[in-house]
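Novice: My structure is below; once you've seen it, I'll send some questions.
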Amino acid sequence: MTHKKIYFENLDGLRFLSFLAVFLFHSFHTDFDYIKDTSTYHFIKRDLVGNGNIGVNFFFVLSGFLITYLLLEEKKLLGQIDLKKFWIRRILRIWPLFYFCVLFGFFIFPFLKSLFGQTPNETASLVYYLTFTNNFDFIAKGPPDASILGVLWSVAIEEQFYALWPIVLFLLPIIRHWIAFVTVIITSIVFIALTDNYEMREYHTVACIGDMAVGALGAWLISESATFKNEIVNLSKIQIIFIYVALVLVLLSRDELRVFYISRVTERLVVAVIALAIILEQNYSANSFYKMSRFKMLSKLGVISYGLYCYHFIGILTTTTLTSKLGLNTSLWQVMILETCMALGITIVIGMVSYRFFETPFLKLKNRFEYIHK
């Protein structure tokens, strides 16, 4: 079998930072108004990490970039994409952990909740989760009672993407791939423009898949255009600073920008373009101030980021339950520092154990169906 080795060593660190943004966005819960009313809590919870859900946008763009780039290379290597093996690889990577979380959310979580004297009140429909269409259930009914189910909406969208995207790349010649990418981006923008519903803009497949198409377009350009790649390689220090300043501005002022109609319509596109710029800068720029691969611990944690993302509410809920029982959640520093560090630590431990003993056997099997290895 023909094989090729490709490894973007800086993407693992970006994955972890994307997860961390989402984790912090979901952190700092407290029932005490005297903590919520402090300026420090307000600044951190609302101003500093209030837009941390942008981390999901980064995941989408990164998936679009990486999957498209690898499929392009496979098509060049073999003359065509092996659709069957692609879907087998995705099934072995995504399904085991996803369905474990579904099992936990629908059956184990209600039992644990009853055990602690609380009443389960699950509104989510199992059939949507079994068919990777649970983002539509989320739109219709809001967050599930089991918070571990609530984060799976993005995994569902990625799986929908994986089901259809390789077919598009299979049917079109490489030189015309950009037409599909631009068409999807425009369709996504039009869809967002025509809806005033926040949930539709945030969780609907048509709205979100534009992020992946931006990543895909970046992969196509870097692969097929020597001029574009040369521009990225030779980004100046000023241009690189501009990219990261733009990220900070979006993180700190996304809500303010959303007030305006034009900003509301284009905000996903803006975030996606910034995410793509960072991905390309990290992978190809010769003038980077730093490369994520230098941060070995972040890169190692990035390898298990899928598990960290899926499990992080278990870490958060375990922590808040413990600190509540022990009376360690009554001061600002306990909520902001103690609980957050404990929850992150528990999440990482669970993620590492899951990756080592549950996910790795499936990943080893997945390697048998790969044409392109790290």
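Novice: Mind listing just one residue for me: the one in segment 193-207 that is of a type in the set (A, V, I, L, M, F, W, C) and within 20 Å of the chain's Cα centre (by Cα) and, of those, least open to solvent (accessible area, probe 1.4 Å)?
Specialist: Selected residue: Ala207.
Novice: Answer yes if at least one residue in segment 176-195 is more than 23 Å from Arg264 (Cα to Cα) and touching a Phe, Trp or Tyr at 6+ places or on another chain (Cβ under 6 Å), and no otherwise.
Specialist: There is at least one residue in segment 176-195 that is more than 23 Å from Arg264 (Cα to Cα) and touching a Phe, Trp or Tyr at 6+ places or on another chain (Cβ under 6 Å).
Novice: Please give the number of the condition Phe100 fails out of (1) over 30 Å from Ser324 (Cα atoms); (2) of a type outside the set (A, V, I, L, M); (3) open to solvent by 40 Å² or more (accessible area, probe 1.4 Å); (4) in contact (Cβ under 8 Å) with a residue 60 or more places away in the chain.
Specialist: Phe100 satisfies all of (1) over 30 Å from Ser324 (Cα atoms); (2) of a type outside the set (A, V, I, L, M); (3) open to solvent by 40 Å² or more (accessible area, probe 1.4 Å); (4) in contact (Cβ under 8 Å) with a residue 60 or more places away in the chain except (1).
Novice: Has segment 71-82 got any residue that is open to solvent by less than 30 Å² (accessible area, probe 1.4 Å), within 25 Å of Gly351 (Cα to Cα) and outside any loop (DSSP other than H, G, I, E, B)?
Specialist: Within segment 71-82 (the criterion being open to solvent by less than 30 Å² (accessible area, probe 1.4 Å), within 25 Å of Gly351 (Cα to Cα) and outside any loop (DSSP other than H, G, I, E, B)), the answer is no, since none of the residues qualifies.
Novice: Right, here's the next one. Looking at (1) in a loop (DSSP other than H, G, I, E, B); (2) surrounded by fewer than 15 Cβ atoms within 10 Å (Cβ to Cβ); (3) in contact with a Lys or Arg (Cβ under 9 Å, 6 or more places away or on another chain), which is the only condition Asp145 fails?
Specialist: (2)
Novice: Mind listing whichever residues of segment 24-39 are of a type in the set (Phe, Trp, Tyr) and over 31 Å from the mean Cα position of the chain (by Cα)?
Specialist: Tyr34
Novice: Does segment 178-185 include one or more residues that are under 30 Å from Gly79 (Cα atoms), more than 20 Å from the chain's Cα centre (by Cα), among the aliphatic types (A, V, I, L, M) and surrounded by fewer than 16 Cβ atoms within 10 Å (Cβ to Cβ)?
Specialist: yes
Novice: Taking Phe116 as meeting all but one of (1) touching a helix residue (DSSP H, G or I) at 6+ places or on another chain (Cβ under 8 Å); (2) modelled with pLDDT of 95 or more, write down the number of the exception.
Specialist: The one condition Phe116 does not meet is (2).
Novice: Now for a separate question. Considering only residues that are open to solvent by less than 50 Å² (accessible area, probe 1.4 Å) and of a type in the set (A, V, I, L, M), which ones fall in segment 351-374?
Specialist: Leu363, Ile372
Novice: Related question: Out of the residues in segment 331-346 that are under 24 Å from Ser305 (Cβ atoms) and either at pLDDT below 95 or not aliphatic (A, V, I, L, M) (or both), which is surrounded by the most Cβ atoms within 10 Å (Cβ to Cβ)?
Specialist: Glu339
Novice: Kindly evaluate Ser188 against the criterion of being in a helix (DSSP H, G or I), open to solvent by 10 Å² or more (accessible area, probe 1.4 Å), among the polar types (S, T, N, Q) and within 27 Å of Glu158 (Cα to Cα).
Specialist: Against the criterion (in a helix (DSSP H, G or I), open to solvent by 10 Å² or more (accessible area, probe 1.4 Å), among the polar types (S, T, N, Q) and within 27 Å of Glu158 (Cα to Cα)), Ser188 does not qualify.
Novice: Being among the aliphatic types (A, V, I, L, M) and surrounded by fewer than 21 Cβ atoms within 10 Å (Cβ to Cβ) is the filter here, so list the residues in segment 208-226 that pass it.
Specialist: Result: Leu221, Ala226.
Novice: Another question, if that's okay. Would you list the helices (runs of 4 or more DSSP H) that sit entirely within segment 1-49 and hold 2 or more residues that are open to solvent by 60 Å² or more (accessible area, probe 1.4 Å) and in contact (Cβ under 8 Å) with a residue 12 or more places away in the chain?
Specialist: Correct list: 11-26.
Novice: Name the residue, out of Ile139, Ile88, Ile94, that is closer than 24 Å to Arg201 by Cα, assigned to a helix (DSSP H, G or I) and hydrophobic (A, V, I, L, M, F, W, C).
Specialist: Step by step, each of Ile139, Ile88, Ile94 is checked, and only Ile139 is closer than 24 Å to Arg201 by Cα, assigned to a helix (DSSP H, G or I) and hydrophobic (A, V, I, L, M, F, W, C).
The values are calculated or read from the model by the stated rules, or taken from the named source; none is laboratory data. What you are looking at is a predicted structure, and each value in this text was computed from that prediction instead of being measured. Positions of Cβ are generated from backbone atoms using ideal geometry, with glycine treated the same way; all protein chains shown enter the neighbour counts. What goes into the accessible areas is simple: the full protein's heavy atoms, side chains included, and nothing from ligands, DNA or RNA. Shrake-Rupley method; radii C 1.70, N 1.55, O 1.52, S 1.80 Å.
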